[in-house]
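What follows is a short report on a single structure.
The values are calculated or read from the model by the stated rules, or taken from the named source; none is laboratory data. What you see is a predicted model, and the numbers here were worked out from it, not measured in a lab. Here the Cβ is made from the backbone with ideal geometry for all residues, glycine too, and neighbour counts use every protein chain on show. Each accessible area value is taken on the protein alone, full model and side chains, heavy atoms only, with ligands, DNA and RNA left out. Shrake-Rupley method; radii C 1.70, N 1.55, O 1.52, S 1.80 Å.
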Amino acid sequence: MEYILIFISAIFVNNIILAQFLGICPFLGVSKKIDTSLGMSAAVAFVMTLATIVTWLVQKYVLEAFGLEYLQTIVFILVIASLVQMVEIVLKKVSPALYQALGIFLPLITTNCAVLGVAILVIQKDFNLLQSVIYAFSTAIGFGLAMTVFAGMREQLEMAAIPKGMRGMAIVLVSAGLLSLAFMGFSGVDGGLRTLFGLD
């Protein structure tokens, strides 16, 4: 049941974009079309899950073992950048079609603070490896959900009669704020589920 709570909480209650405000750059920059949002979301899900596994292992068996916890952020950034490069090289050789589909999004993930944020959060929350993987994957689903819903909103806004002073980034930011407010409606869900299943 704890894993289900982690899953639901990461997607809806503590959405990485709309509640924790990480990954805002791709959220605003790559969310003009639903298909590009889906491509970015798939790439982020893959890299975020893989990066969390590797960084958790590095933290537990290298940094903590040798008393080098203060190097965490630098090491995690290097690990994530290396993983993105390795994934890019492997995809290019193994599946050129998938590489073409995700090609433009993979380099963007290196600078996506949501990936680094999740890697650090699982350490701060003292999750075990399975909890970390579930948290990373469900956070990536939450990232994808927010991106796709927002892309749908932006596609609809293209056809709307928006006042001249609100066009462009102004209406995008207002829409993002409204979407964030909508997700605040989920804020009591995890607490309610914990009480319901007697986990408190």
Taking the range 155-168 and the residues there that are in a helix (DSSP H, G or I) and open to solvent by 100 Å² or more (accessible area, probe 1.4 Å), the one that is farthest from T36 (Cα to Cα) would be K164
When you look at E64, is it without any contact (Cβ under 8 Å) to a residue 60 or more places away in the chain and more than 18 Å from F127 (Cβ to Cβ), yes or no? no
S9 being farther than 19 Å from S132 by Cβ, open to solvent by less than 40 Å² (accessible area, probe 1.4 Å), more than 12 Å from the chain's Cα centre (by Cα) and of a type outside the set (V, I, T): no
**Request:** Return yes when V118 is surrounded by 12 or more Cβ atoms within 10 Å (Cβ to Cβ), of a type in the set (A, V, I, L, M) and farther than 14 Å from S37 by Cβ and no when it is not.
**Result:** yes
| said: One residue is enough: does the range 33-51 have a residue meeting the conditions modelled with pLDDT of 90 or more, open to solvent by 50 Å² or more (accessible area, probe 1.4 Å) and under 17 Å from the mean Cα position of the chain (by Cα)? | reply: yes
Sole miss for F127 among (1) more than 27 Å from S9 (Cβ to Cβ); (2) outside any helix (DSSP H, G or I) is condition (1)
Within the range 71-80, the residues that are within 20 Å of the chain's Cα centre (by Cα) and either exposed (fewer than 15 other Cβ atoms within 10 Å of the Cβ) or without any contact (Cβ under 8 Å) to a residue 24 or more places away in the chain (or both) are T73, I74, V75, L78
Filtering the range 52-65 down to residues that are open to solvent by 60 Å² or more (accessible area, probe 1.4 Å) and part of a helix (DSSP H, G or I) yields L57, Y61, V62
Checklist entry - On the given criteria, is Y99 open to solvent by 70 Å² or more (accessible area, probe 1.4 Å), assigned to a helix (DSSP H, G or I) and either of a type in the set (S, T, Y) or in contact with a strand residue (DSSP E or B) (Cβ under 7 Å, 6 or more places away or on another chain) (or both)? => result no
Only one of (1) in contact with a helix residue (DSSP H, G or I) (Cβ under 6 Å, 6 or more places away or on another chain); (2) over 27 Å from S9 (Cα atoms); (3) not aromatic (F, W, Y) does not apply to T55, and that is (2)
In the set L18, L91, L68, the lone residue that is open to solvent by 40 Å² or more (accessible area, probe 1.4 Å) and of a type in the set (A, V, I, L, M) is L68
Note on the range 169-200: residues farther than 20 Å from F27 by Cβ and in a loop (DSSP other than H, G, I, E, B) are G188, F197, G198, L199, D200
Looking across the range 21-32 at residues that are assigned to a helix (DSSP H, G or I) and aliphatic (A, V, I, L, M), the single one that is most open to solvent (accessible area, probe 1.4 Å) is I24
Only unsatisfied item for R154, checking (1) closer than 18 Å to I16 by Cβ; (2) touching a Lys or Arg at 6+ places or on another chain (Cβ under 7 Å), is (1)
